[in-house]
């Protein structure tokens, strides 16, 4: 049974092992945590956020963070969402996000959860849509220069 628990530093090596190349790493982190490859110590900066590890039968299968984009808890923002590549396509990402959404609503009273995803990360985009997130039209698309290319970030949200 899939469940969430708070992230602990002992999770870092497993989570970091899921990114085998630079493109995957930057799709997941946007370089916010540092340049590829990062160390477990660099990754542990996620401890400053509300970080969650998804567990299924005591096996680590996913990870994500929540943070407040402003002072209130009305809106929370998911970030650094990742699922073990060997578990992708089996519904773990969708279920993990649904557990996170329930936590955001029931514990923090959030009314909305948002997230960003690079348009070149189609698998993640479809996972977010399956979990109920909807596209948000922005006046200006957020862009990042990654590996010498310009990556556009799509904004999604869900009303709780």
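The values are calculated or read from the model by the stated rules, or taken from the named source; none is laboratory data. Please read these numbers as outputs of a predicted model, since none were measured by experiment. Glycine gets a Cβ as well: all are built from the backbone with ideal geometry, and neighbour counts include every protein chain shown.
Within the group 98, 123, 90, which residue is in a loop (DSSP other than H, G, I, E, B) and under 24 Å from residue 53 (Cβ atoms)? Break it down into steps so the answer makes sense when it comes.
Numbers: 98 fails: in a loop (DSSP other than H, G, I, E, B); 123 fails: in a loop (DSSP other than H, G, I, E, B).
After ruling out the rest, the residue left standing is 90.
When residue 27 is evaluated against the numbered criteria (1) touching a helix residue (DSSP H, G or I) at 6+ places or on another chain (Cβ under 9 Å); (2) under 20 Å from residue 124 (Cβ atoms); (3) loosely packed, with under 14 Cβ neighbours inside 10 Å, which criterion, by number, is the only one it fails?
(3)
Can you work out which of the residues in segment 84-102 that are within 14 Å of residue 2 (Cα to Cα) and touching a residue at least 60 places away in the same chain (Cβ under 8 Å) is surrounded by the most Cβ atoms within 10 Å (Cβ to Cβ)?
If we take residues in segment 84-102 being within 14 Å of residue 2 (Cα to Cα) and touching a residue at least 60 places away in the same chain (Cβ under 8 Å), then 96 is surrounded by the most Cβ atoms within 10 Å (Cβ to Cβ).
With within 21 Å of residue 121 (Cβ to Cβ) and at pLDDT 95 or above as the only criterion, which of 42, 98 stands out?
Just one listed residue meets the conditions, 98.
At positive phi, more than 13 Å from the chain's Cα centre (by Cα), assigned to a loop (DSSP other than H, G, I, E, B) and modelled with pLDDT under 95: does that describe residue 132? Walk me through it before giving the result.
Values: at positive phi: yes; more than 13 Å from the chain's Cα centre (by Cα): yes; assigned to a loop (DSSP other than H, G, I, E, B): yes; modelled with pLDDT under 95: no.
In short, no.
Identify all residues within segment 1-24 that are out of contact with any strand residue (DSSP E or B) (no Cβ under 9 Å at 6 or more places or on another chain), more than 24 Å from residue 151 (Cβ to Cβ) and exposed (fewer than 12 other Cβ atoms within 10 Å of the Cβ); write none if there are none.
10, 13
From the list 116, 62, exactly one residue is closer than 18 Å to residue 18 by Cβ, surrounded by 14 or more Cβ atoms within 10 Å (Cβ to Cβ) and either touching a residue at least 12 places away in the same chain (Cβ under 8 Å) or out of contact with any helix residue (DSSP H, G or I) (no Cβ under 8 Å at 6 or more places or on another chain) (or both). Which is it?
Unique residue meeting the criteria: 62.
Restricted to segment 135-150, and to residues that are farther than 21 Å from residue 69 by Cα and either touching a residue at least 40 places away in the same chain (Cβ under 8 Å) or not in a strand (DSSP E or B) (or both), which residue is nearest to the chain's Cα centre (by Cα)?
Here the residue is 146.
Among the residues of segment 83-94, is there at least one that is over 12 Å from the mean Cα position of the chain (by Cα) and more than 30 Å from residue 13 (Cβ to Cβ)?
No, segment 83-94 contains no residue that is over 12 Å from the mean Cα position of the chain (by Cα) and more than 30 Å from residue 13 (Cβ to Cβ).
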